[in-house]
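First up is the structure itself, then whatever we jot down about it.
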Amino acid sequence: MVLAEDHGRVAEQLRKLLVSEFDVVATVADGLALVRTEDAARPDVVVADIMMPGLDGISATAALVARRPGTRVVLITAQDDPEMAERGYAAGALGYVAKHRAGAELVAAVRAAVRGERHGSSDARPGRS
């Protein structure tokens, strides 16, 4: 797995959540580094923050999926925004998790992505009113 998160402390917290079940081969701090690293590492899953410098997580997702269809991406964000979730899914993401729900939902979202299934945060599910 590659983790992309531009805030160091948050990246470390997310990594700690994930390493109990997954091999985190790299952590990067921007979308451009994510695209380069994913191309070299070819991880099973990418976990990417939506708001990153250089290239945001949704644009990075679209680039990854265009380069290698079937790339499995879970987006994380501080935004509880169903429209943003829809944009992420349209770009090719399989998961969307609000950061404040990461402790409860991120591992499940990554498990779903490994299976090729979608997972939406309970706070920002597509179509939720």
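Couple of notes before you dig in:
- Residues that are more than 17 Å from L14 (Cβ to Cβ) and buried (at least 20 other Cβ atoms within 10 Å of the Cβ) within the range 95-122 comprise just one, G120.
- Set side by side, the residues A4, A11 differ, and just one is closer than 19 Å to V107 by Cα, surrounded by 17 or more Cβ atoms within 10 Å (Cβ to Cβ) and without any contact (Cβ under 8 Å) to a residue 24 or more places away in the chain, which is A11.
- In the range 19-57, the residues that are under 21 Å from R111 (Cβ atoms), in contact (Cβ under 8 Å) with a residue 40 or more places away in the chain and either more than 12 Å from the chain's Cα centre (by Cα) or in a loop (DSSP other than H, G, I, E, B) (or both): S20, E21, F22, P43, D44, V45
- Neighbours by Cβ (under 8 Å, 6+ apart or cross-chain): first from the range 100-116, closer than 13 Å to S20 by Cβ; second of a type in the set (D, E): V107/E21; V110/E21; R111/E21
- Within the range 106-129, the set of residues being modelled with pLDDT of 95 or more and either among the hydrophobic types (A, V, I, L, M, F, W, C) or under 16 Å from I50 (Cβ atoms) (or both) comprises L106, V107, A108, A109, V110, A112, A113, V114.
- Out of G70, G88, sole residue that is buried (at least 21 other Cβ atoms within 10 Å of the Cβ) and either closer than 19 Å to S20 by Cα or not β-branched (V, I, T) (or both): G88
- For the range 100-120, the criterion of being within 17 Å of V2 (Cβ to Cβ), aliphatic (A, V, I, L, M) and not in a helix (DSSP H, G or I) is satisfied by no residue at all.
The values are calculated or read from the model by the stated rules, or taken from the named source; none is laboratory data. Predicted model, so just to flag it, every value in this text is computed and none were measured. Quick reminder, even Gly has a Cβ in these numbers, built from the backbone with ideal geometry, and neighbours come from all protein chains shown.
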